[in-house]
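The values are calculated or read from the model by the stated rules, or taken from the named source; none is laboratory data. Everything numeric in this text was worked out from a predicted model, so none of it was measured. Backbone-built Cβ (ideal geometry, glycine too); neighbour counts: all protein chains shown. Areas reflect the complete protein model, heavy atoms only, side chains present, ligands, DNA and RNA absent. Shrake-Rupley method; radii C 1.70, N 1.55, O 1.52, S 1.80 Å.
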Amino acid sequence: MNIETHIHEHWFALKVFYNKVFEIEDILKKDKLETYIPCEETLVERNGMRKKVRRPVINSLMFFRSTVYRALEVQRQFTNKVILYTRQKGLKRLPLVIPEREMNIFMLVTSSGEQEMEYFWEDNPKFHRGERVRVIDGKFKGAEGIICRIRKNSRLVVTVQGVCAVATSYIPQVFLQRIEQD
């Protein structure tokens, strides 16, 4: 990693243990770090009262934005509570930097409120077979990803390399524009 990587902020991913994503999120927000947890709102009935509850769609996964140095501090601060996603470089394990564009597309898709989405741990290699496309209209306008057939429907799969993938609900062909490969 070069000096640019150490002084600029990037997105990083955490695997959080013991269903404590919201607690860790609160602490990181108090430390002025931007966080993102892919969530959905569900109706829960307790004691005869209905209440909307925010629920992670991928258990134990959260993202935060910081410098590499601060990301390593977060790992140390929450030892035995989180694991910082890393990548192997030579003999070292370095924090996995998630590109801004990839994270923005992932947040666009996961925050859409769409109901028929599927989430997958890790970046599943079977999702790399389809055509690369951009959505030009509708709820997911601006998103880019791979088109795959899942349960007989063409669906857009957006990945955060090495972390997770999400498959959208059906997107009509007229809303898709093929991206030419270099």
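Taking 12 Å as the straight-line reach from the Cα of Lys139, the aspartates and glutamates in range (excluding those fewer than 8 positions away in the same chain) are Glu114.
Between Thr86 and Leu96, the built amide H atoms are under 5 Å apart, and every one of these is 5 or more places off in sequence or on another chain. With the helix formula -39500 (n - 2.57) applied to DSSP H stretches of n ≥ 4, the chain reaches a computed 222 nm mean residue ellipticity of -5500 deg cm²/dmol. The charge dipole of the chain, taken about its Cα centre with unit charges on the Cβ of Lys, Arg, Asp and Glu (plus for the first two, minus for the last two), comes to roughly 460 debye. Its relative contact order, with pairs defined as Cα atoms under 8 Å and 6+ residues apart, puts the chain at 20 percent.
In the chain, with Lys and Arg counted as +1 and Asp and Glu as -1 at Cβ, which of these residues, Gly48, Ile58, Ile27, has the Cα nearest the positive end of the dipole, that is, farthest along it? Highest projection toward the positive end goes to Gly48.
Based only on Cα atoms, what Rg/Rh ratio does the chain have, Rh being taken as Kirkwood's radius? It would help to have the intermediate numbers written out before the result.
Values: Rg = 17.7 Å, Rh = 17.8 Å.
That ratio is 1.00, to two decimals.
Sorted by packing (mean other beta-carbon atoms within 10 Å per residue), highest first, where do 104-116, 77-89 land? Walk me through the intermediate numbers first.
Details: 104-116: 16.2, 77-89: 14.1.
Highest to lowest by the protection proxy: 104-116, 77-89.
To the nearest 10, the accessible area of Arg54 is 100 Å² with a 1.4 Å probe.
As a test of reading the structure, rank Cys39, Cys164 by solvent-accessible area (1.4 Å probe, protein chains only), most first.
Details: Cys39 30, Cys164 0 Å².
In descending accessible area the options line up as Cys39, Cys164.
Based on Cβ point charges of +1 for Lys and Arg and -1 for Asp and Glu, what charge dipole magnitude is obtained for region 12-73 about its Cα centre, in debye rounded to the nearest 20? Here region 12-73 has a charge dipole of around 160 debye.
In this structure the chain gives 61 Å² per residue of accessible area when probed at 1.4 Å with all protein chains present.
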